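A short write-up of the structure that comes next.
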Amino acid sequence: MLDAAEIMVQQLREFGFDASLDVIERAKQVENRGDGNYLMQFDGTSAGMQDPDFYTNFVHSQSSWFARGVGYNNPRIDEILEDTRTIVGFDERKENYKELERELLEDAPWILLIWRGEAYSTSANVKNFHVIPALPMDSLGMFKYIWLE
């Protein structure tokens with residue numbers, strides 16, 4: 001069975017690109033992400049928290065996760081992220097994040113080609129385990145709410 005990266009390489013070749021798949025160690029992948037030393041990288045992550053402030057890790061110009069590595073820098077994005085961190089009210093934060101998303105859609109700093117689903121299995125005696133949509137790794141962090149019967 002082909003994995004998603006192999007399928008992407010095949011499809012790129014069908015469109016005439018000279019594509020190859022180089023498997024690298026995780027440490028190198030993280031290094032590449034931080035310094036932008038790649039043309040295309042099959043990468044993955046999750047939001048890591050249940051608050052839209054996670055955008056800071058991805059798109060703030062000083063973040064080492066993605067933005068800095070590819071040279072993405074939008075002062076308005078930085079300003080929205082920094083200002084919204086000082087706001088307590090839900091409705092005002094929500095409006096700021098709507099503006100942030102509009103800015104990001106306009107810029108399109110990344111083209112996300114695939115969404116990888118997550119699957120979990122549990123025994124019948126595991127109770128109250130729920131996968132949090134779009135935040136699968138957070139589901140694992142919710143152990144304090146899960147019990148065995």
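What residue, among those in region 96-106 that are farther than 17 Å from SER63 by Cα and not hydroxyl-bearing (Ser, Thr, Tyr), is surrounded by the most Cβ atoms within 10 Å (Cβ to Cβ)? Before the answer, list the steps.
First pass over region 96-106, keeping only residues farther than 17 Å from SER63 by Cα: 96-99, 101-103, 105-106.
With not hydroxyl-bearing (Ser, Thr, Tyr) added as a condition, the list becomes 96, 98-99, 101-103, 105-106.
Numbers: ASN96: 18, LYS98: 11, GLU99: 14, GLU101: 13, ARG102: 11, GLU103: 15, LEU105: 8, GLU106: 9.
Applying the filter and picking the extreme gives ASN96.
Do we have any residue at all in region 1-18 that's over 18 Å from the mean Cα position of the chain (by Cα), among the β-branched types (Val, Ile, Thr) and loosely packed, with under 14 Cβ neighbours inside 10 Å?
Yes, because at least one residue in region 1-18 is over 18 Å from the mean Cα position of the chain (by Cα), among the β-branched types (Val, Ile, Thr) and loosely packed, with under 14 Cβ neighbours inside 10 Å.
Would you please name the residue that is farthest from TYR38 (Cα to Cα), looking only at residues in region 48-95 that are of a type in the set (Ser, Thr, Tyr) and surrounded by 17 or more Cβ atoms within 10 Å (Cβ to Cβ)?
This residue is THR84.
I need the full set of residues from region 65-101 which are in a loop (DSSP other than H, G, I, E, B) and at negative phi, in order please.
Within region 65-101, TRP65, PHE66, TYR72, ASN73, ASN74, ARG85, THR86, ILE87, VAL88, GLY89 qualify.
Tell me, which residue of region 82-130 that is β-branched (Val, Ile, Thr) and over 17 Å from the mean Cα position of the chain (by Cα) is modelled with the lowest pLDDT?
Checking each candidate, the answer is THR122.
The values are calculated or read from the model by the stated rules, or taken from the named source; none is laboratory data. Fair warning: this is a prediction, and the values are worked out from it, not measured in the lab. Cβ coordinates were reconstructed from backbone atoms using ideal geometry, including for glycine residues, and neighbour counts include every protein chain displayed.
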